[in-house]
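*Asks:* This structure is in structure tokens; I'll ask about it shortly.
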């Protein structure tokens, strides 16, 4: 995150700052059951299931620690695979954002 502040109304100074955020909520949408919200589950799914149903994982972050007017120039999301379904492989997993 870059925070830029006007100095003397003409010159700009920019300070790079890093903020680490953890999700405050998660859910997933199962493509075969799009009306079902899985937010009450104790797990988080993303990818495909055994019947090739697509599951889209959704994460919500509290961004209130980022000052208003800030310009976010980059973001990195790191996820860890905890369980791989039978016949699956974490090395063949892909994410699209």
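*Asks:* Take the residues in segment 20-37 that are at pLDDT 85 or above and in a loop (DSSP other than H, G, I, E, B); name whichever of them is farthest from the chain's Cα centre (by Cα).
*Replies:* 20
*Asks:* Within segment 64-91, take every residue that is surrounded by 13 or more Cβ atoms within 10 Å (Cβ to Cβ) and at pLDDT 80 or above and give me the one that is farthest from the chain's Cα centre (by Cα).
*Replies:* 70
The values are calculated or read from the model by the stated rules, or taken from the named source; none is laboratory data. No experiment lies behind these values; they were computed from the predicted model shown. Cβ: placed from backbone, ideal geometry, glycine included. Neighbour counts: every protein chain shown.
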